[in-house]
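Read-outs: derived from the displayed coordinates by stated rules, not from any lab. Please read these numbers as outputs of a predicted model, since none were measured by experiment. Cβ: placed from backbone, ideal geometry, glycine included. Neighbour counts: every protein chain shown.
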Amino acid sequence: MSTEDPYPYRRILRRETHSSRAVLATAIAIAVILLCLYVATEIILMMVSHTALLAAPQDMLIALSELGVTPTAMPMIVGILLAVLGLLLLIGALTPGRLARHQMPSRRAAVVVDNEVIASALARSAAHAGNMSPDNTAVSVSAHRATVHLTPASGTRVRRASVEQAVRDQLAAFELYPPVRASVVIAANGKVGT
């Protein structure tokens, strides 16, 4: 058995199968910049003795200082909303974003396969094994799971075992990473005239 790394292009493969956090970081940076620009505008308007756009800075400070004193539910609601927003941003920053792609082993190149291509190959294999039209086959592929939906023509029976074996063989031939497990769902009611 070879001890060589089956994925010598790990860095490229990771970049092609995981999404960047650049969009999230850019959106947060733009929001912070807009907030800073708004506060700066309000301060400048106060300095030149113009009316405020929304609220003067001293009015904002007075309102913030009174939040802790007032017995309303507003400070609690704002605190909960900010905590939820912070938790969502933390989760977004720490969890890896996965693209709808899988890796295939190759020593000569970085091979990345889109989930739609995998679904198409599984649909073709399932339709051939079930002796049915490819139009009656639908496949969905996620990070670790592939679900094959078959709708046979009315009055015909599909041998589930042969379809499941064909799908498993196709997935084994791909050697996908992360590995994908398949399940086959055969509709109880068939299509008429197919």
**OP:** Answer yes or no: is there a residue in segment 67-80 that is without any contact (Cβ under 8 Å) to a residue 24 or more places away in the chain and within 23 Å of the chain's Cα centre (by Cα).
**Re:** no
Subject >> Output for segment 172-193, where each listed residue is part of a loop (DSSP other than H, G, I, E, B) and under 30 Å from SER154 (Cβ atoms) >> reply: ALA187, ALA188, ASN189, GLY190, VAL192, GLY193
